[in-house]
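Comments concern the structure below.
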Amino acid sequence: MAVETEAATPGLALAETDINWNRLDKTRFHIIGAILFTAQSALLHPTAVVKTRMQVDGSGLSHMGGISVFRHILKSDGIPGLFRGFGTSAIGSLPGRVLALTSLEVSKDMMFKYTKHLDMPEATRVGIANGVAGLSSNLVSCVYYVPLDVVCQRLMVQGLPGTAYCSGPFDVVHKVMKAEGFRGMYRGFGLTAVTQSPAYALWWGVYGAAQHMIWRSLDYRENTERKPSHLEMATVQASAGIVAGACSSVVTTPIDTVKTRLQVMDNYGAGRPSVMKTAKTLLKEDGWRGFYRGFGPRFLNMSLYGTTMIVTYELIKRLSLKQA
């Protein structure tokens, strides 16, 4: 990802990691991506459930550690409790992934071409191209993912105080539409679009720059004959993903906490829930530390997600190369 176009890094020793949009078999790219990313989501879904319950629940779980909440869910609901909402998320995410991956690669390719002749350090250029691509990808997919997020998170918090019971995803949609109309499916949309887009830009920008700097620190430079092994590629990409995930989780957890509560809580009294009302409730309940409810699981989720996602993503691209 840090060196994504041939035009961007002519003669670079990392040329075999350089797989741009034009070199991909688009059908294979999306099919393989759907399979591998669904498997990855299954592995990480329990951390999302733990994080969401810590952010929403006011009866005690919000003041427990992530491991304790994990054990509590396992004891009370068993394994199925850790995978609440996964089926809806996995199936519903497929069209969104096509939108996100396509816009990510196309916009990244365009940015590398537009910045080709600009006088700036290569790491900066790589960071900017990846950051703009992440921003564009999120904006395109946000319209699709916010309603899905509302449904999935409501399924994750079934039975908690302040939440309505729903028998399944279609029941969630029916109850939200009945109570608030189509607008209810987009609770938190503005907050998501305004905050997640910069967060995605931060993640991809940090990832791109970090990977570029790691390669340079390992003395992989232009016009060198030494080529990185597949293990080296995966290790460097994973390390850059961890750095990007850590930075993003620190910056975005407070906003994520407000967004999650805004999307799932129903006991705010008269009037439609708002960002300010939700933030004031959090502040009243637990002070400023309330905005970092679920930080541990979110940090773990984003770090693991960043690591597994980017290694999986690079593998998908290598498997999707057009046949000569």
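Looking only at residues of segment 88-111 that are touching a residue at least 60 places away in the same chain (Cβ under 8 Å) and surrounded by fewer than 17 Cβ atoms within 10 Å (Cβ to Cβ), we find that the one that is nearest to VAL146 (Cα to Cα) is LEU94. List every residue pair whose Cβ atoms sit under 7 Å apart, with the two residues 6 or more apart in sequence or on different chains, where the first one lies in segment 178-193 and is surrounded by 14 or more Cβ atoms within 10 Å (Cβ to Cβ) and the second, anywhere, is in a helix (DSSP H, G or I) and of a type in the set (S, T, N, Q). Taking only residues 6 or more apart or on different chains, the pairs are ARG187/GLN263; GLY188/GLN263. Look at TYR144 and say whether it is under 19 Å from the mean Cα position of the chain (by Cα) and among the aromatic types (Phe, Trp, Tyr). Spelling it out, TYR144 is indeed under 19 Å from the mean Cα position of the chain (by Cα) and among the aromatic types (Phe, Trp, Tyr). Of the residues making up segment 163-191, those that are assigned to a helix (DSSP H, G or I) and of a type in the set (Ser, Thr, Tyr) number 1. Exactly one residue out of VAL194, VAL98 is under 25 Å from ILE31 (Cα atoms) and outside any loop (DSSP other than H, G, I, E, B): that is VAL98.
Kindly establish whether VAL206 is without any contact (Cβ under 8 Å) to a residue 24 or more places away in the chain, crowded, with 19+ Cβ neighbours inside 10 Å and not in a loop (DSSP other than H, G, I, E, B). In short, no.
Of the listed requirements (1) part of a helix (DSSP H, G or I); (2) surrounded by fewer than 22 Cβ atoms within 10 Å (Cβ to Cβ), ASP219 misses just one: (1).
Confirm whether ALA123 is within 15 Å of the chain's Cα centre (by Cα), under 23 Å from TYR200 (Cβ atoms), among the hydrophobic types (A, V, I, L, M, F, W, C) and in a helix (DSSP H, G or I). No: the conditions fail for ALA123. Restricting segment 46-86 to residues that are at pLDDT below 85 and surrounded by fewer than 18 Cβ atoms within 10 Å (Cβ to Cβ), the residue that is nearest to THR281 (Cα to Cα) is GLY58.
The values are calculated or read from the model by the stated rules, or taken from the named source; none is laboratory data. Predicted model only: the values in this text are computed from it and were never measured. Here Cβ is always computed from backbone atoms with ideal geometry, including for glycine, and neighbour counts include all displayed protein chains.
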